[in-house]
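Engineer: Let me begin by handing over the structure; questions about it come next.
The values are calculated or read from the model by the stated rules, or taken from the named source; none is laboratory data. Everything numeric in this text was worked out from a predicted model, so none of it was measured. As a convention, Cβ positions derive from the backbone with ideal geometry for all residues, glycine included, and neighbour counts pool all protein chains shown.
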Amino acid sequence: MTQSDTLRRIVLMLPALVAILLLVGAPLGLMGWVSLLEKGTTAGVDWGSAPSIGNYQRLVWEEDFDGTLILNTNYLVIFLRSVLQAAVTTLLCLMLGLPVALWMASLSPTGRAVMLLLVTIPFWTNLLVRNYAWLIILREGGWLGMAVDALWPFGPVQLLYNDVAVAIGLTYSFLPFMVLPVYSVFEKFDWRLVEAAHDLGATRARALRRVILPVAMPGILAGSLLVFIPCLGAFVTPALLGGGKTLMLGNVIQMQFGPSRNWPFGAAISVVLLAVMLLAMTALALWRNRRSA
């Protein structure tokens, strides 16, 4: 490649680089800077305060009356709950999405187009409206609650305002993000490989484990990332279906930027959440590179 070709490529990439720096880099840099400042008395940030790591320290420690630092596990519990809730949602989406994507890939072209339309229809409705629909379904006296109470002989079951309701709402909201990547892999799958596995004596379970799942692994990993990462920062579903009893990191961040008006602390939590997401994506990329090596 000549020097002129290199210069031409740099010139062509320059608008994209400038756009990324302005639209992504600048907001992230501002958020990182705000996380080092102090809360303002009349506004969300005291721009004249000296930078410090006090906001990050508050995630684990808090000052006692005499100024000594004592361990505060409240935010650690919320963080672990968010990670666990995101992991459970990812697992549920995988358990439901994998058979659906596999079945979609076996349909005719017309059937695939219809199923793709049905899978993407929820995106046409606002997320808030969809969560309110689950609020009506899961509430006491709702049709699902009445059906569960009729089948459960040990008294009424509380389906709303708990971790189960949040898991149901998150799974419903993010299930298409699992179905579509896995389906895109199965769409190109050569089904003669499964027939060959059966001819060699493999059972259905063994063919699924040794032939289908390895081929679907790129879609499974992509779908898992698309589900897990947004779930960590979700706040609409926990706020509505959790009823304030199931706080996640997204709810804490929203409260810091809203009623509490403590923007630096909210920015610090956002930076930590972003770091966790980057670590998860880096670990996945390293694992994929190691498998392909």
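Engineer: Go over the candidates 16, 50 one by one and state the one that is under 30 Å from residue 183 (Cβ atoms), over 25 Å from the mean Cα position of the chain (by Cα), loosely packed, with under 14 Cβ neighbours inside 10 Å and not aromatic (Phe, Trp, Tyr).
Structural biologist: Only one candidate passes the filter, namely 16.
Engineer: Residue 259 fails exactly one of the following numbered conditions: (1) in contact (Cβ under 8 Å) with a residue 24 or more places away in the chain; (2) not in a helix (DSSP H, G or I). What is the number of that condition?
Structural biologist: For residue 259, the failing item is (1).
Engineer: With 144, 193, 128, 117 as the choices, which residue is of a type outside the set (Val, Ile, Thr) and either over 25 Å from residue 98 (Cβ atoms) or in contact with a strand residue (DSSP E or B) (Cβ under 7 Å, 6 or more places away or on another chain) (or both)?
Structural biologist: Answer to the check: 128.
Engineer: OK, next. Does residue 214 satisfy the criteria of being part of a helix (DSSP H, G or I), out of contact with any Phe, Trp or Tyr (no Cβ under 9 Å at 6 or more places or on another chain) and loosely packed, with under 15 Cβ neighbours inside 10 Å?
Structural biologist: yes
Engineer: Is it fair to say residue 126 is touching a Gly at 6+ places or on another chain (Cβ under 8 Å), surrounded by fewer than 19 Cβ atoms within 10 Å (Cβ to Cβ) and either over 16 Å from residue 231 (Cα atoms) or modelled with pLDDT under 90 (or both)?
Structural biologist: The answer is no for residue 126.
Engineer: Here's another thing I want to ask about it. Considering only the range 160-170, I want to know if a residue exists there that is within 27 Å of residue 212 (Cβ to Cβ), out of contact with any Gly (no Cβ under 7 Å at 6 or more places or on another chain) and at pLDDT 90 or above.
Structural biologist: yes
Engineer: Return the pairs, sorted by first residue and then second, in which the second residue is surrounded by 16 or more Cβ atoms within 10 Å (Cβ to Cβ), the first residue lies in the range 131-150 and is farther than 15 Å from residue 161 by Cβ, the beta carbons are less than 6 Å apart, and the residues are 6+ apart or on different chains.
Structural biologist: Going by the 6 Å Cβ cut-off, there are no qualifying pairs.
Engineer: Among the residues of the range 85-112, count how many are small (Gly, Ala, Ser), assigned to a helix (DSSP H, G or I) and farther than 12 Å from residue 183 by Cα.
Structural biologist: 3
Engineer: Kindly establish whether residue 243 is at pLDDT below 90, surrounded by 13 or more Cβ atoms within 10 Å (Cβ to Cβ) and not acidic (Asp, Glu).
Structural biologist: So residue 243 passes the test.
Engineer: For residues that are modelled with pLDDT of 85 or more and out of contact with any Gly (no Cβ under 7 Å at 6 or more places or on another chain), scanning just the range 134-159, find the one that is surrounded by the most Cβ atoms within 10 Å (Cβ to Cβ).
Structural biologist: 135
Engineer: Filter the range 41-59 down to the residues that are under 9 Å from residue 264 (Cα atoms) and of a type in the set (Gly, Ala, Ser) and list them by number.
Structural biologist: 44
Engineer: On to the next question. Pairs please, first residue from the range 52-63 and part of a helix (DSSP H, G or I), second anywhere and exposed (fewer than 14 other Cβ atoms within 10 Å of the Cβ), Cβ atoms under 8 Å, 6+ apart in sequence or on different chains.
Structural biologist: Every condition considered, the pairs that remain are 57/69.
Engineer: Can residue 4 be described as touching a strand residue (DSSP E or B) at 6+ places or on another chain (Cβ under 6 Å) and either of a type in the set (Asp, Glu) or without any contact (Cβ under 8 Å) to a residue 60 or more places away in the chain (or both)?
Structural biologist: No: the conditions fail for residue 4.
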